[in-house]
Amino acid sequence: MQKREFSVAGEYPYNRSGPIRWVISHVLRYPWLPAGAVALSLLSVVLESANSVLVGRAFDLVINPGVTQALLLRAALVILGVGLGQGLSHLARNLVIELLAQRFERDARDELYLSLLGKSLSFHGRQRIGDVMARATNDVRQLNFMINPGLTLIFSSLVGLIVPMATIPAAVPGSLLLAPSIFVVLFIITLRRYVRELEPVVEIVRRRFGLLNARLAETISGIEVVKGSAQEEQEQHIFSTNARLCRDAFIEQGRVQARYLPLLVFSVAVGGGFLHAMLLLRAGSLTVGQVVTYMGLLRMLSFPSFISIWTFSTVQLGIASAQRILELINAETELDENPQGVSRPLRGEIVFENVSFAYNGAPVLRDISFRAAPGETIAIVGQTGSGKTTLTRLVNRTYDVTAGRVLIDGIDVRDWHLHSLRSQISAIEQDVFLFSRTLAENIAFGVHRPVTKEEIERAAREAQAHDFIMSFADGYGTMVGERGVTLSGGQRQRIAIARAFLTDPRILILDDSTSAIDSATEDEIQKAMRRIMKGRTTLLITHRLSQIRWADRILVLRRGELVDQGRHEELMERCEAYRRIFARYGR
């Protein structure tokens, strides 16, 4: 089966075979922007070179006693006009290139974000959140800097070398090309050496920064565990070590930049060129104006010399960032969105046919077979680690089976359109995740239509959440802390249950969803849950006898295998594993 990922409709066919090709394919998505930047850069440098020539000729006019004031005024106005044209073209170039850089950053961030959304849960389980965040923020931002000012100034530097070199023989004797020619040769040699030394150092800088960020994010996310285990000193030591390694990488980058030689080469070239011009002036082969023109054109070579010390490091950082972003985008994922798959309302029939599943090569489920008719409630019981949660996650394709098939309405789940499948399945787990948004937004999360305030409130009442929500000053507009830390466990679970009521799913998965709710509240929730479960297929993971008794069938798992299935009374009579579970957990 062909693997696919989330994609943007009408997505430009980005070339992901390498960071440079990927950058080029993004830039060429807007061909008029780089073309405009090139044209405006050329115009700006040509006008600057022309200005140097005009200024030199104006010097000759000034020292000529027979020149009229009108001619001098005309020369000044021409120089002013050329200078104004150069400034306007420079501003227009900056506007065009900034627009290109901002669009590139936006498109790259969208591409990375959509790619991450399309990865499987097992892929995300292997990633470090801090490192992913560093790539999605700092590395993507670095792509902007690579375009502007990085590549922009590099191109301007290249043009700033070529145009003055072409203008010199047209404005002054060709022999004066000697000093700038030697400079260009030495500049290329020293610049290549600089870039070669800089590239590996920049890669180390980005990698160590990602490691520093990843560890910091882990520590902040697990701050309760860190403090509860009195590990502050150890975590501080680890952070200091990572920060020191990151600092050392930046220092090494600074050392490479400190050995930058093109500026020294340029200084020597200017001195040699000026000496050559003075000798020709003394010999009568040059006028004072030509000396001014020559030095003005020679001065233009300082821009490539000066700017290269950090533009190339900026571009190298951008390429390293592009490589890190592509590593995430190109990483193989087990998930297949199947956008051409079946998309229709579910009836809710679930069939497992000889299903096996292994995670990272370790078997979790072995040869599971059962059928849940539409509207049935199937309870799943077993010791911790028996594979109960994993079994339910095969239904909505959080994971894909490694053997056998999971069928919904007679169709393999891998042949369903992923969005159509998941939008009709709702899962409430013991570890409820709430977003840092309002309570109303958390309840409405996952509903693919406009939701009214009345509908949200009705769902909250059915989940026994309305009363505690209204106890807050802002009611349904109360902001929830990240992951719902400002709410108790029972409150979080009631919000999740209200969310499930509102999405009106055809298949409902309840994974110990009332474990953090007191008995009195649970009784009220159970009444509402039994109402919403009517006509819906429900997979219920629980050890509570009060919930299991009204299941249509019970599956007993042990070490990843389905050892028996039936009703409570039947299993109590014939299944030792079931009796053992309730001797320990049942109530």
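Listing for the model above:
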read-out: Residue match in region 388-399 (condition: touching a residue at least 24 places away in the same chain (Cβ under 8 Å) and either small (Gly, Ala, Ser) or outside the structural domain of Asp504 (by TED's automatic domain parsing) (or both)); value: no
read-out: Unique match (being of a type outside the set (Asp, Glu), more than 25 Å from Ile309 (Cβ to Cβ), in the same structural domain as Ile319 (by TED's automatic domain parsing) and over 14 Å from the mean Cα position of the chain (by Cα)) among Phe155, Phe123; value: Phe123
read-out: Complete set of residues in region 221-278 that are among the basic types (Lys, Arg) and in contact with an Asp or Glu (Cβ under 9 Å, 6 or more places away or on another chain); value: Arg259
read-out: Residues satisfying the stated conditions in region 373-409, i.e. closer than 11 Å to Ser356 by Cα, of a type in the set (A, V, I, L, M, F, W, C) and out of contact with any Ser or Thr (no Cβ under 8 Å at 6 or more places or on another chain); value: Leu391, Leu394, Val406
read-out: Any hit, region 84-103, residues being buried (at least 18 other Cβ atoms within 10 Å of the Cβ) and of a type in the set (Asp, Glu); value: no
read-out: Check on Leu73, at pLDDT below 90, assigned by TED's automatic domain parsing to the domain that holds Pro164 and of a type outside the set (D, E, K, R); value: yes
read-out: Pair list, Cβ under 9 Å, 6 or more apart: region 172-190 residue closer than 16 Å to Met300 by Cα, other residue of a type in the set (Ser, Thr, Tyr); value: Val172/Thr293; Val172/Tyr294; Leu176/Tyr294; Phe183/Ser305; Phe187/Ser305; Phe187/Ser308
read-out: Check on Ala322, modelled with pLDDT of 90 or more and in a helix (DSSP H, G or I); value: yes
read-out: Test for Glu522: is it among the charged types (D, E, K, R), over 25 Å from Gln424 (Cβ atoms) and either surrounded by fewer than 16 Cβ atoms within 10 Å (Cβ to Cβ) or at pLDDT 70 or above (or both); value: no
read-out: Any hit, region 96-106, residues being under 22 Å from Leu297 (Cα atoms), in contact with a helix residue (DSSP H, G or I) (Cβ under 6 Å, 6 or more places away or on another chain) and part of a helix (DSSP H, G or I); value: no
read-out: Some residue of region 368-388 being charged (D, E, K, R) and in contact with a helix residue (DSSP H, G or I) (Cβ under 6 Å, 6 or more places away or on another chain); value: no
read-out: Any hit, region 450-460, residues being farther than 16 Å from Thr503 by Cα and in a loop (DSSP other than H, G, I, E, B); value: no
read-out: Members of region 407-437 that are without any contact (Cβ under 8 Å) to a residue 60 or more places away in the chain and in contact with a strand residue (DSSP E or B) (Cβ under 6 Å, 6 or more places away or on another chain); value: Leu407, Asp412, Val413
read-out: Helices (runs of 4 or more DSSP H) contained in region 213-295 and holding at least 2 residues in contact with a Ser or Thr (Cβ under 8 Å, 6 or more places away or on another chain), in contact (Cβ under 8 Å) with a residue 12 or more places away in the chain and surrounded by 15 or more Cβ atoms within 10 Å (Cβ to Cβ); value: 232-258, 262-282
read-out: Region 107-132: number of residues that are surrounded by fewer than 16 Cβ atoms within 10 Å (Cβ to Cβ) and in a helix (DSSP H, G or I); value: 9
read-out: In region 438-448, the residues that are touching a residue at least 40 places away in the same chain (Cβ under 8 Å), closer than 27 Å to Ser343 by Cα and part of a helix (DSSP H, G or I); value: Asn442, Ile443, Ala444
read-out: Residue in region 302-317 that is modelled with pLDDT under 90 and in a loop (DSSP other than H, G, I, E, B) present; value: no
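To keep it simple, each residue is scored yes or no on (1) aliphatic (A, V, I, L, M); (2) more than 23 Å from Asn51 (Cα to Cα); (3) not assigned by TED's automatic domain parsing to the domain that holds Ile79.
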residue	(1), (2), (3)
Pro262	no, yes, no
Arg282	no, yes, no
Thr287	no, no, no
Gln290	no, no, no
Leu298	yes, no, no
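For every residue, the table says whether it meets (1) over 20 Å from Leu510 (Cβ atoms); (2) more than 27 Å from the chain's Cα centre (by Cα); (3) buried (at least 18 other Cβ atoms within 10 Å of the Cβ); (4) not β-branched (Val, Ile, Thr).
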site	(1), (2), (3), (4)
Ala358	yes, yes, no, yes
Gly375	no, yes, no, yes
Asn396	no, no, yes, yes
Val413	no, yes, yes, no
Ser420	yes, no, no, yes
Glu441	yes, no, no, yes
Gly446	no, no, no, yes
Lys453	yes, yes, no, yes
Ile456	yes, yes, yes, no
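The values are calculated or read from the model by the stated rules, or taken from the named source; none is laboratory data. Quick caveat: nothing in here was measured; it's all calculated off a predicted structure. As a convention, Cβ positions derive from the backbone with ideal geometry for all residues, glycine included, and neighbour counts pool all protein chains shown.
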